[in-house]
């Protein structure tokens, strides 16, 4: 089998799995899950074979040609795609296995696994697509599969509302993305990624419009509102789609199109990412739902990645157009740092989400951290793996997050001190809310019956945790990765841990401040310590979180729906009523008048006749 | 001079297609049993659909000339001829018509219980008129088919319609009739200038600028009502809501296309100068239609009304594509016409299926049926996604091309039109969500039975086309390409009056 064929199989296997499940296995949940997991295994295996075999290729087949617009179905498997596909394959496989245990008692087993397979198909499609048009198709497809999976428990009104919200908010971003693709095609004559990299028009609008797509999918400000709500979906879905892969697709897409970037656009991207990172971290502090904390943490980390991408080249690029190669090289540092953090984040965030899934499963679907506590002894394996995840995300030295976060901080330090300060402060908050979550969930005494009777799940629930924990520990050592990934990793600034004293000290300091602060502040109690000690601050943070939701709700319920009602009303009253029926009425009046003349009385007709005759005579005689 | 330049067998294929439904209708008049009538019509319309396939095979897509032409003198002293022919655009529309009609028969299988014979005869007469409109090359022949369509359609609405059927039928009739008068005036004016009623003969003549403006205006009123463009659209929701399923399907899939077809056949090639003059205003109206139709659809609680308003929005894309006057726009517009025929026809069939089971078209009543009708839900879901222009389905190709064409014309225009895509997602997901997952308050839905074989057969061809056009649009675009290029040549590219919107 040639590499191209292997890539095609990787893409089509999950589609086939979804089709088989939808057509034949709707009532056979067990078989459906087996098929789906098999497809996931195939993806993971093929992805690693392709990546580790150091196959790099591009293959395209012309799809259609419409009035000068030529589009192809193609695969671009470069270093970037190889890394992303491996991450998607490995994390996806872990989560499929976890789902086996987690969803065992769910009556709609088949629909769930069918949805996962559609998702894997779309996600692999995004990774492999060689042009923006094809990317957009899969982009929408992941949105749709995410819709299906968020709304899995659709009996809950909140779940089905969240699913709709996610799709429509994404669609808002996608409309910018679509415009960007149209504009890119219009000004460059092609949407092929490789062709674009060799020649394209420099414009600020194109990258910014394309970035809109990433803002929607990677949930950056101001379209971040859908992601916390998306936690209504089953926890493995949150881990796979709303933490490790789909939401990271926005960052991946940016890296794919980095050749189109111009400095001003990057500045916008950098600040969007930085603002999201800070905003989400502030929101995370007040959350009491274990998944919501992780959701905001995901938002914040995505902000880090977007900021890293935007930071890459801000200082150097395009100083002189005579040698674009220098610009290109420097620009890639952002790609390296963003993709590095994307990979490590995929490992430890998937771990944290699956850990929370294990906790939720163990506590009989209790999600409130203030009703947990004491799980350290009840669920030791979950506890230890979760601890590794927490340590990794807060940047504990020599774990995965430490390296990738340092790379971003280094970039920020080198390029923009303000961003550096904000990101460093955000890192304090990260450490604070993660340790808070960890302490409230696992330490102290159980604060509810569910927590008191918590138990560790089966093998399918724990094995993925262990695998992901190992990856979270080792994932930061770029030298451990097979040589085939050097294409991307060589772009990372200071990948082996920063030698820069300021960075190292800052990174250690922020972690310690946050962690110690959380230890000091939060007690394992049924209420939020911050709310008690500083109600004002707590209220302000809650308001900050609520504000965006309020605007969205206001817009949907009041502005959009009322405007639609108003238009409909005007349509009924004016257009359909007054004007159309009015015209008909006028015609009717004429008819009525004409009818009034015809009374059927001979005398009247004679008078009319005489009157007419007089009029006629008067006209003829020139009197009128 | 009588020529029959069809194909080798010498069979005048278009005439056969046009008059077979009439023969079938005559035969139907003699049949008593309702069951036999239904089968009779189904077999005939299916046979006609199969018979139209040679059009597709034998069509030469490399030329913009009219093909399958037939030409016979009809009323010589008025220079009215019986003249038929197809180009790339009308070919697709004829095929759409022959595809949709048997599906209408199937969709009415149980829906129509009274006056079955008359209903089927109306449907068959409709088919004759519809194929006739798309293949006529003589203005009077065209007008005759155009008018002939009104009567069976008004009957379909007025006899087999809902509670306010008479109002809807009269509104439909008067509205379109009012438009037709202008059409007739324009055609006679052109006859006086050119000396014949031949449509190809009217193209490319050096008419005066003022004359063109008046002729265009008359055409515009007539076609804009048919499309329907904002603000001439109010007959559409009324007609759709009251019409029986088959009526809605024919109306949405084929009749609306006649407006845009009219623009392409008459306005652009005959009055190119006026087209350039009026284009900015029509583009503005198209954008208004896209947004207005979408927003109004968002406010509807009646499923049929919702789909009707979404039609206004979709047809806005079609007129937008036509009047940007470039290759992507025109090809996109033609694709939108075909796609709308497939998708909206399918949606109306779906609403009809809901109505047959619940005897209500209210969204609230239909909430939650998806749980008990998974097969239906799969079909309905695909058609909803197609309607909102989901990538990989047919509508996306059309809308993307229109947007690409619009972009080359004016960025502002596209920036205004694209929110329509978001609104489409909003109203379609509102429906999809409610129907699939909504309302646990409808326990009676337990007794609903899922699609039967006949209904699957009705929807399946449309589903095939959703994906066929969505994933492999090349053959469709190829068929019309030469025609569109020729049309662009006729309308001319850069006239001074063609100043783009800012």
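Peptide A:463-474 has a mean of 0 when you count, residue by residue, the C-beta atoms of other protein chains within 10 Å of its C-beta.
Per-residue shielding of B:292-299, expressed as the average number of other chain Cβ atoms within 10 Å of the residue Cβ, stands at 6. Shape analysis of the stretch A:202-303 based on the Cα gyration tensor places the equivalent ellipsoid semi-axes at 26, 14, 9 Å, largest first. Label-to-label distance, residue B:19 versus residue A:104, with points set 7 angstrom from Cα along the beta-carbon direction: 7.5 nm.
Give the angle, between 0 and 90 degrees and rounded to the nearest 10, that separates the Cα long axis of helix A:290-311 from the longest principal axis of the Cα atoms of chain A. Rounded to the nearest ten degrees, it is 90. Cβ crowding within 10 Å, taken as a proxy for footprinting-reagent exposure, orders A:242, B:276 from fewest neighbours to most as B:276, A:242. Legend: ranking of residues A:608, B:40 from fewest to most surrounding C-beta atoms inside 10 Å; resulting order A:608, B:40.
Above 20 angstrom, tally the Cα pairs of the stretch A:475-606 and express them as a % of all pairs, no decimals. The share of Cα pairs beyond 20 Å in the stretch A:475-606 comes to 79 percent.
Shape descriptor for chain A: Rg over Rh equals 1.16 (Cα atoms; Rh from the Kirkwood inverse mean 1/r). When the square roots of the Cα gyration tensor eigenvalues are ordered a ≥ b ≥ c, the ratio a/c for the stretch B:380-460 is 1.5 or more and a/b does not exceed b/c, which makes its shape oblate. The value obtained for the stretch B:272-493, namely the Cα convex hull volume divided by the number of residues, is 105 Å³ per residue. The calculated FRET efficiency for the pair residue B:464 and residue B:115, based on their C-beta separation and a Förster distance of 51 Å, comes to about 0.95. Calculated mean residue ellipticity, 222 nm, chain B: -23000 deg cm²/dmol, from DSSP H runs (n ≥ 4) at -39500 (n - 2.57) each, averaged per residue and rounded to 500. Note on residue A:581 and residue A:65: the model spin-label points, each 7 Å out from Cα along the C-beta direction, lie 5.7 nm apart.
Per-residue shielding of A:175-185, expressed as the average number of other chain Cβ atoms within 10 Å of the residue Cβ, stands at 5. What do you get for the angle between helix A:263-284 and the principal long axis of chain A? Use alpha-carbon atoms, 0 to 90 degrees, nearest ten. Taking Cα atoms only, the helix is inclined about 70 degrees.
Shape summary of the stretch A:11-70, radius of gyration then Dmax from alpha carbon positions: 16.7, 49 Å.
Nearest 0.05, what FRET efficiency do residue B:193 and residue B:284 give at R0 = 41 Å with Cβ-Cβ as r? In this case the efficiency is close to 0.85. Computed from the C-beta positions of residue A:573 and residue B:360, the FRET efficiency with R₀ = 22 Å rounds to 0.30. Panel order for A:384, A:139, A:617, by other beta carbons found within 10 Å of each beta carbon, from fewest to most: A:617, A:384, A:139.
Judged by the gyration tensor of its Cα atoms, with axes a ≥ b ≥ c, the stretch A:70-144 is oblate; a/c meets the 1.5 cut and b/c is at least as large as a/b. How big is the protein assembly as shown by the Kirkwood estimate over distinct Cα pairs, in Å? The answer is 31.8 Å. Relative to the globular-protein estimate of 2.2 N^0.38 Å, the Cα radius of gyration of the stretch A:36-111 stands at 1.51.
When the Debye formula is applied to the Cα atoms of the stretch B:132-176, each taken as the same point scatterer, what base-10 log of I(q)/I(0) results at q = 0.14, 0.32 Å⁻¹? Result of the Debye calculation: -0.38, -1.01. Could you give the distance between the Cα centres of the stretch A:205-240 and the stretch B:225-274, to the whole Å? Using only Cα atoms to place each centre, the spacing works out to 39 Å.
Relative to the longest principal Cα axis of chain A, at what angle does helix A:417-442 sit, 0 to 90 degrees, rounded to 10? Between helix and principal axis, roughly 80 degrees.
Placing a pseudo-label 7 Å from each Cα along the Cα-to-Cβ vector at residue B:73 and residue A:259 gives an inter-label distance of 6.7 nm. With a/c under 1.5 counting as rounded, go ahead and sort the stretch B:263-334 into rounded, prolate or oblate using the C-alpha gyration tensor (a ≥ b ≥ c being the square roots of the eigenvalues; past the cut-off, prolate if a/b is larger than b/c, else oblate). Prolate shape, in that a/c is at least 1.5 and a/b is the bigger ratio. Annotation for the stretch B:45-61 versus the stretch A:118-184: alpha-carbon center distance of 38 Å. Remark: chain B projects, on average over all directions, an area of 21.8 nm² (convex hull of Cα atoms). Based on alpha-carbon atoms, the Kirkwood radius and the radius of gyration of the stretch B:149-240 give Rg/Rh equal to 1.10.
For chain A, the mean residue ellipticity at 222 nm estimated from helices alone is -23500 deg cm²/dmol, where every DSSP H run of n ≥ 4 contributes -39500 (n - 2.57) and the total is divided by all residues, rounded to the nearest 500.
The numbers here are math on the coordinates, done by the rules we state, and not lab data. Model, not experiment: these values are computed from the prediction. When we count neighbours, we look across all protein chains shown, and the Cβ atoms used for this are built from the backbone with ideal geometry, even at glycine.
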